[in-house]
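> Take a look at this one; I'll ask things after.
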Amino acid sequence: MLNRRSKKLGAPSKTLLREISGEDTGEPIDDADRRMAYGAYEDALAVIESAIAAEPRRPDLKFKALEILFVWGNGEKFLACANKFQRDLKASDDWSRVCIMGAEICPNERLFDVAA
């Protein structure tokens, strides 16, 4: 149940995050999705970054980090991560989706030019 006493908007409290996190499935993408649903983008990204450090060969985690940054509207970090993850994601089917998001959040960036 959500904390109804909170009148301020902004980052959710730690209590609220515990309430919304639900059952821990052990899957960081599920955990990040729950946090994103409540606008806790910074926390969602922290979950994914920790998972990437533990499992650096999972391109789905790298794509999820970019998805979080896109929804959050953090273009500067999106570009930095896209450059960092480019090689791994180009080998997967996700790079075309990264380019679509990148072209929107960083419209003048050549990295996301699909013709390049």
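> When the stretch 71-110 is examined, which residues are found to be in contact with a helix residue (DSSP H, G or I) (Cβ under 7 Å, 6 or more places away or on another chain), surrounded by fewer than 19 Cβ atoms within 10 Å (Cβ to Cβ) and among the charged types (D, E, K, R)?
Across the stretch 71-110, the qualifying residues are K77, D88, E109.
> Taking the stretch 75-116, which residues are free of Cβ contacts under 8 Å to residues at least 12 places away in the same chain, closer than 14 Å to A65 by Cα and small (G, A, S)?
Selection gives A80 alone.
> Still on this structure: With the stretch 8-116 as the region, which helices (runs of 4 or more DSSP H) entirely inside it contain at least 2 residues that are modelled with pLDDT of 95 or more?
Output list reads 28-37, 41-54, 59-72, 75-90, 95-105.
> Check whether at least one residue in the stretch 56-75 is of a type in the set (A, V, I, L, M, F, W, C) and more than 12 Å from the chain's Cα centre (by Cα), and report yes or no.
The initial filter retains those residues of the stretch 56-75 that are of a type in the set (A, V, I, L, M, F, W, C), namely 61, 63, 65-66, 68-72.
When the remaining residues are screened for being more than 12 Å from the chain's Cα centre (by Cα), the result is none.
No - not one qualifying residue is present in the stretch 56-75.
The values are calculated or read from the model by the stated rules, or taken from the named source; none is laboratory data. What you are looking at is a predicted structure, and each value in this text was computed from that prediction instead of being measured. Every residue, glycine as well, gets a Cβ built from its backbone with ideal geometry; the counts of neighbours run over all protein chains shown.
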